[in-house]
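Quick notes on the structure that follows.
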Amino acid sequence: MSKYGIAIITLILFILLSTFFYLSPNFLPQQGGGGGDAVKNIMIRRFENVGNLIAHATFVEDALIMEEVANLNEIIVRFQQDEEELTFIHFTDADNKILASSDNNMVGESFTPSILSADETGVGERDGTYEASFVVSVGTTVIGKLFFSAKPILEGAVGSASPSPIVLGVGVIVGIIAFVILIASFRGLEARIVEDINKRQEEVYSPKIESMKREQERAQKEVDDLNKKVKTANQDLKKLNDEYKARKKEVESSPVMKSIEKLKESEADILKRLEKMKEEEQRLNKEISLISQKREEVRSALEAEKKEERTLHDKLDLIKRKILHLETPKK
């Protein structure tokens with residue numbers, strides 16, 4: 001919601017509350033103190049608006065992401081100057097660890113709200129003290145939190161016992177004044193914070209930006225030089241390719257190349273014949289091996305037969321000698 005919408009809603013709320021207090025004696029018991037709740041609601045709405053404005057500001061998100069404690073402290077100082085009723089202000093990380101605070105002694109401590117629960121967001125009130133908790137997030141990621149407490153100067157209001165036009169008139173006037181104050185407060189607070197943050201960011205990042213610009217220009221120059229070299233290399237490569245194609249075509253059409261092709265075909269044919277001859281040689285070698293093996297077997301058989309023949313001859317000679325011995329007469 002825009003700041004103008006918030007201010008208009010606040011004005012309408014003041015008018016409605018004034019009308020309510022103007023007509024309340026007609027339908028409420030005649031007792032005082034009814035205006036306290038209305039003031040409480042107004043204060044809660046006021047602190048909700050201020051808290052949402054700070055928590056959703058881009059410069060606050062940037063300061064938490066970059067962990068720029070100095071910028072967070074400057075925001076706190078500006079916030080306290082515009083809202084004098086504040087008693088403390090804390091900027092924490094997602095785990096409630098205080099990064100920057102109006103009380104320097106609290107920095108680094110873990111903060112636990114006293115009125116709201118640890119994970120509750122919004123504004124709570126107890127005994128006239130208001131405590132606020134707002135989440136600072138980028139998308140769905142929580143990057144930090146804003147906590148502050150305030151004790152307003154105006155604690156409440158006392159209701160009128162009978163209808164009075166003064167109540168209605170005062171309510172409208174107060175609503176208009178609150179409308180103007182809210183518009184001026186939002187505009188002044190946001191403008192001062194944005195102006196100061198921009199000035200500080202410009203002081204911090206201006207040298208870096210200039211350095212990055214120079215590096216970018218130098219890198220762009222190097223890229224341009226490389227592009228020129230690549231373009232020249234591509235042109236040279238194209239020329240070489242054209243020369244290669246022309247030379248290849250010339251070589252292919254020359255008689256020598258045709259003779260070479262024929263020689264290649266002859267060589268392939270000769271290689272095929274050699275393969276066949278090698279196969280034939282291998283087959284003949286196998287047959288020779290088999291024949292040699294058979295020859296060895298036959299030789300071994302002949303040797304065995306010769307041995308047997310010698311044995312038989314020896315036996316025959318022995319028999320002959322025995323016969324001769326038997327035929328020879330004894331003397």
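Which condition number does T92 fail, the rest of (1) at pLDDT 80 or above; (2) in contact with a Pro (Cβ under 8 Å, 6 or more places away or on another chain); (3) not charged (D, E, K, R) being met?
For T92, the failing item is (2).
In the list K278, K264, K221, which residue meets the criterion of being at pLDDT 90 or above and assigned to a helix (DSSP H, G or I)?
Just one listed residue meets the conditions, K278.
Pairs, please: C-beta under 7 Å, at least 6 apart or cross-chain, first residue outside the structural domain of R200 (by TED's automatic domain parsing) and buried (at least 20 other Cβ atoms within 10 Å of the Cβ) and in region 67-82, second modelled with pLDDT of 90 or more and outside any helix (DSSP H, G or I)?
Cβ pairs passing all conditions: none.
For region 34-131, which fully contained strands (runs of 3 or more DSSP E) count at least 1 residues that are of a type in the set (G, A, S)?
Passing ranges, in order: 98-101, 122-126.
The values are calculated or read from the model by the stated rules, or taken from the named source; none is laboratory data. Bear in mind the structure is a predicted one, so any value in this text is a computation, not a measurement. Cβ: placed from backbone, ideal geometry, glycine included. Neighbour counts: every protein chain shown.
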